[in-house]
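Some notes on the structure that comes next.
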Amino acid sequence: MYMSGDEIRRKFLKYFEGEGHKIVESYSLVPHDDPTLLFTNAGMVQFKNVFLGLEKRDYNRAVTSQKCVRAGGKHNDLDTVGRTARHQTFFEMLGNFSFGDYFKSGAITYAWEFLTEVLNLPKEKLWITIYKDDDEAGKLWLELTDVSKKRILRLGDEDNFWQMGDTGPCGPCSEIIYDRGEKFKCEADNCAIGVCDCDRWLEIWNLVFMQYDRDESGKMTPLPKPSIDTGLGLERVASIMQNVNNNFETDLLWPIIQDLEARVGRKYHPGIEGFPHRVISDHVRTCVFLISDGVTPSNEGRGYVLRRILRRAVRFGKALGMDDPFLYQLVPAVMKIMGEAYPQIVDGSEQIKKTIHSEERRFHETLHEGMKVVEDILSRTRKEGRDIIAGSDAFLLYDTFGFPFDLMEDIAEERGFKVDKKGFEAAMDEQRSRARSSRVEKKALGDAKLYREMMLDFDVTEFIGYEEESVDTEIIFIAKDDKPVTEANKGDKLIVLLPVTPFYGESGGQVGDTGGMDTSTGKIRVLDTQIMPDGKIIHYGEVESGKVSVGQKVSAAVDNKRRKNIARNHTSTHLVHRALREVLGDHAEQRGSLVAPNRLRFDFSHEGAMTNEEISTVEKKVNNEISKALPVTALNTSLDKAKELGAVALFGEKYSDDVRVIKIGDYSTELCGGTHLNNSSEILALKIISESGIGSGLRRIEAITGEEVMDYYSEKERMLDSTAGILKTSPDKIEERARELVKDIKLLERELESFQSRLLNYEAEEYINEIVEIGGINVLARDVEVNDMEVLRSMADMLKDKIGTGVVLLGASPGDKTIFAAMATKDAVSRGVHAGKLVGEVAKITNGGGGGRPDMAQAGGKDPSKLKEAVDAVAEILERQITN
């Protein structure tokens, strides 16, 4: 009965291929065309637009083995991993799909046949659940299979009714449950399907019958073409076929645990002692696949989830005694298990290891620095008589040190504290709001019903923009204010659909075309062009004059100068990509791009900043290929043939079986659907403007080409001439003149420092007379007129030396803020004086904060009007600190 995970996967795909299903490759874990999802969490995600009627495929039956992650948003199994036998953050979902082809009878027949005849699972172990009102499914299970009636159970909405969202496709579902037997039974007296959630009743396959369309009022209308979406958990089935206690002991995870055992020197145990092993084995798989699909650790979105998973694994490693980075060393074990099914993780293995190792090192540094602050927070909270840590403190740890909230929760719980999660989330929301307000939001396509109507009523747009920049055609659809209309007048903003167009719709990082449309009665200025999921191209515009109507003949023309500039930048990105790989290595893969008329932006995977020499080398290589006048050619071929030609497939792009290959001489070959030049010499020149980091393991190059480069150097020349005039020299002697001036400035600064020192010494002599004694310790506290914290610290340090023994606190109010510096001698510290705490309390009076060492510290505040009150409070604070 034993069957490996690889064999189960192969048999599933082969079985359904034999039943007329198209084997479709697993979708990326990053659903690039679905902003509602953090990660691909089910097999149906890549077919969402097909189910919604927004996209058509050349097949109506599909089968997949889909990699999935459930670690954020609505579907989040992160905290359950390792506690149950069956939950992972990363798992594989085997699924068969019907798009308006077979329905309930087919889904039921296939599922039962595969489980009982291909896998030979014992029929008496299989239980079926159906929706409480789905009599049709109940009848079909009895007619089409030999499952006994007593093993068919009816459950309600929560268990057996599926919906994509609050509105849209939905329907009843039927789950197949495997009874693992009394050995896995929980302690509940009423242990049963639908009652408890223990490991005895293992849900292995969910058959979703999409047969309704739910509207905003909740009304469900039967779909004209009902569909099927199913999901079978590979790891769960493997645990049955391999007769092991849980998913972690299957051949899909067990070798990772064995590798971990050898590294930590601690054996795995099925119970609570094996909890860290289970968590780490799951989390390292998730890290490998997320990084392979382009996710990098960061403090927001998908990157934050990856960082949280990775750091959680590191924390459990510390529980096993691993105080140094170790997780990256488990990557080869993952490759050995999963590499055959997912070769892309093997191709990127070195970069994956580097990314994990780098993040592990960062986290160890974070723990070291953050734990000091954590101890201060816990101590202060305890002294204030509270058992709840403020959300603002938790946010400070997260924002400043990258200290995970869940780690703060764990530490707090160990010490008998709780953390104000609502306060933390409020601070996070405030930060997100600030970030959102600084971003320009991308326009949506408008009302979903209009979107769907456009998709269903018209054929796919014929794009002729590779060969032509204008066309005579007709207007077949107009929308205004998200509603279909027959005409639009001057000043109206509208969406226009043509049967054929030269306008390129935004995709692959290339912005959409602009231009114009002329009819016999009016003119339209095209402001943007977008492409829909099924390939229809829609034009956003404004009626400049007259009026336009559906059915009118129209002359549509792209802004050819703008198009040429875009093509110049797009062809350049291909050259930049190749040059980066030559200079940095093959790991420098494209991770995103922006191709606009005035600039290009290219994101790529690489650890650490590029050196000036590397940037210069990349730029020279690109300009060298430009000067060679290489021909730029396009080839339409099959995806397999393109890969044979060595074409580079870009991250995040979905490719059909027929693809377009762009070749630039023999230098670059990439899959690309964008518009390009005919010859590299048309680029004229490329200049890299900046290179920067945009996340862990991610870099960004920004560059300009063509006339923009000429303008760039013209501006530099103007600035050079202007600077030469200011410095009273010639442009060729600016550097020499600048060095002379820097030398003079340093000399003047030293003279100024000497003068300030003498002045401070004079003022200090005056302040000595203001010393008071508190608890036998000399104390000097006063406000002074300085504008700089460094000067304030120097003055306080000087006064400390003059008083010999005691405490000095100085405050000042430069502009609209306050600054404080405190110094304490060794004997004062031995008596309980703490400069850091003193300055922190004083600054708090002026709505600020800060701290430092017992002998020296600084702080700042926001309310200068309370400076005197703050300084006057020093005596009272010190009386509490000083011990006899």
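The values are calculated or read from the model by the stated rules, or taken from the named source; none is laboratory data. Keep in mind that what you see is a predicted model, and the values were worked out from it rather than measured. All Cβ positions, glycine included, derive from the backbone under ideal geometry; neighbour counts span all protein chains shown. All accessible areas refer to the heavy atoms of the entire protein, side chains included, with ligands and DNA or RNA removed. Shrake-Rupley method; radii C 1.70, N 1.55, O 1.52, S 1.80 Å.
Key figures
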{"item": "Translational diffusion coefficient (Stokes-Einstein; Kirkwood radius from C-alpha pairs) of region 575-647 at 37 °C, 0.692 mPa s, in µm²/s", "result": "232"}
{"item": "Neighbour-limited loop hits for GluC sites (Glu not before Pro), region 1-46 (at most 14 other Cβ within 10 Å; DSSP other than H, G, I, E, B)", "result": "E25"}
{"item": "Rounded to the nearest 10 Å², the accessible area of H364 at probe 1.4 Å", "result": "40"}
{"item": "Y713 accessible area, 1.4 Å probe, all protein chains in place, Å² to nearest 10", "result": "110"}
{"item": "In Å², nearest 10: area of K743 left accessible to a 1.4 Å probe", "result": "150"}
{"item": "On Cα atoms only, tilt of 349-383 relative to the major axis of the chain in degrees", "result": "50"}
{"item": "Average accessible area per residue (Å²) across region 122-180 - probe 1.4 Å, nucleic acids and ligands excluded", "result": "48"}
{"item": "Average Cα contact separation per residue, region 751-884, under 8 Å, 6 or more apart, as relative contact order %", "result": "21"}
{"item": "For region 101-226, the spread of Cα positions along each principal axis, largest first, Å", "result": "46, 32, 21"}
{"item": "Relative packing of peptides 319-329, 722-732 - highest average C-beta neighbours within 10 Å first", "result": "319-329, 722-732"}
{"item": "On Cα atoms only, tilt of 405-414 relative to the major axis of the chain in degrees", "result": "70"}
{"item": "Translational diffusion coefficient (Stokes-Einstein; Kirkwood radius from C-alpha pairs) of region 650-709 at 37 °C, 0.692 mPa s, in µm²/s", "result": "230"}
{"item": "Förster-model FRET efficiency, 51 Å R0, R562 and D6, C-beta, rounded to 0.05", "result": "0.50"}
{"item": "Extreme residue, positive dipole direction of region 180-297, given options P224, L202, V284 (C-beta unit charges)", "result": "V284"}
{"item": "Region 799-855 versus region 293-307: alpha-carbon centroid distance in Å", "result": "41"}
{"item": "Extension gain from H269 to D459, taking 0.36 nm per residue of separation minus the Cα-Cα distance", "result": "62.4 nm"}
{"item": "Cα centroid separation - region 356-380 against region 189-207, whole Å", "result": "41"}
{"item": "For region 462-528, accessible area per residue (1.4 Å probe, heavy atoms of protein chains only), Å²", "result": "44"}
{"item": "Nearby lysines by direct alpha-carbon distance to K621 (threshold 26 angstrom, same-chain neighbours under 8 apart not counted)", "result": "K564, K643, K663, K687, K716"}
{"item": "Simple Cβ-charge dipole of the chain, Lys/Arg +1 and Asp/Glu -1, about Cα centre, in debye nearest 20", "result": "680"}
{"item": "Loop-located GluC sites (Glu not before Pro) in region 771-853, at most 10 other Cβ atoms within 10 Å (DSSP)", "result": "E785"}
{"item": "Signed unit charges on C-beta, dipole axis of the chain, positive-most listed residue L115, N624, Y540", "result": "L115"}
{"item": "Exceeding the 24 Å Cα-Cα cut-off - candidates K421/K866; K48/K104; K483/K523", "result": "K421/K866"}
{"item": "Distribution of pairwise C-alpha distances over region 279-375, 5 Å bins, in %", "result": "3, 14, 25, 25, 18, 9, 4, 2, 1, 0"}
{"item": "Length added when fully stretched, D744-Q344, from 0.36 nm per residue minus Cα-Cα", "result": "138.1 nm"}
{"item": "In sequence order, calculated HN-Hα J values of region 133-139 (Karplus, 6.51, -1.76, 1.60; Hz; x Gly/Pro)", "result": "9, 8, 5, 4, 5, x, 5"}
{"item": "Percentage, to the nearest whole number, of Cα pairs in region 201-324 over 26 Å apart", "result": "44"}
{"item": "For region 737-783, convex hull of alpha carbons as volume per residue, Å³", "result": "91"}
{"item": "Rough spin-label spacing in nm, given labels placed 7 Å along Cα→Cβ, for I615 and N636", "result": "4.2"}
{"item": "Percentage relative contact order, region 633-753, counting C-alpha pairs under 8 Å, at least six apart", "result": "14"}
{"item": "Relative contact order for the chain, counting Cα pairs under 8 Å that sit 6 or more residues apart, in percent", "result": "6"}
{"item": "Within region 134-231, GluC sites (Glu not before Pro) in DSSP loop having at most 14 other beta-carbon neighbours inside 10 Å", "result": "E187, E216"}
{"item": "Label-point gap, in nm, between F184 and I388 - each point 7 angstrom along Cα→Cβ", "result": "4.1"}
{"item": "Helix-only CD estimate at 222 nm, as mean residue ellipticity for the chain, using -39500 (n - 2.57) per DSSP H run (n ≥ 4)", "result": "-12000 deg cm²/dmol"}
{"item": "At q = 0.22, 0.24, 0.27 Å⁻¹, base-10 log of I(q)/I(0) for region 691-771 (Debye sum, equal scatterers on each alpha carbon)", "result": "-1.00, -1.04, -1.12"}
{"item": "Protection proxy ranking, peptides 233-239, 827-833, average beta carbon neighbours within 10 Å, highest first", "result": "233-239, 827-833"}
{"item": "Value of Rg to Rh for the chain (Rh from inverse mean 1/r over Cα pairs, i.e. Kirkwood)", "result": "1.04"}
{"item": "Entries of K620/K641; K14/K641; K561/K641 with Cα pairs more than 28 Å apart", "result": "K620/K641; K561/K641"}
{"item": "Per-peptide average of other Cβ atoms within 10 Å, ordering 553-560, 609-616, 748-755, 350-357 highest first", "result": "350-357, 553-560, 609-616, 748-755"}
{"item": "With every protein chain in place, the chain: carbon and sulfur % of accessible area (1.4 Å)", "result": "47"}
{"item": "Virtual spin-label span in nm between T109 and E717, 7 Å along Cα→Cβ", "result": "7.8"}
{"item": "Region 609-687, accessible area per residue, ligands and nucleic acids excluded (1.4 Å, Å²)", "result": "51"}
{"item": "Å³ per residue enclosed by the Cα convex hull of region 715-755", "result": "67"}
{"item": "Rg in Å to one decimal, and Dmax rounded to a whole Å, for region 1-147 via C-alpha atoms", "result": "16.6, 43"}
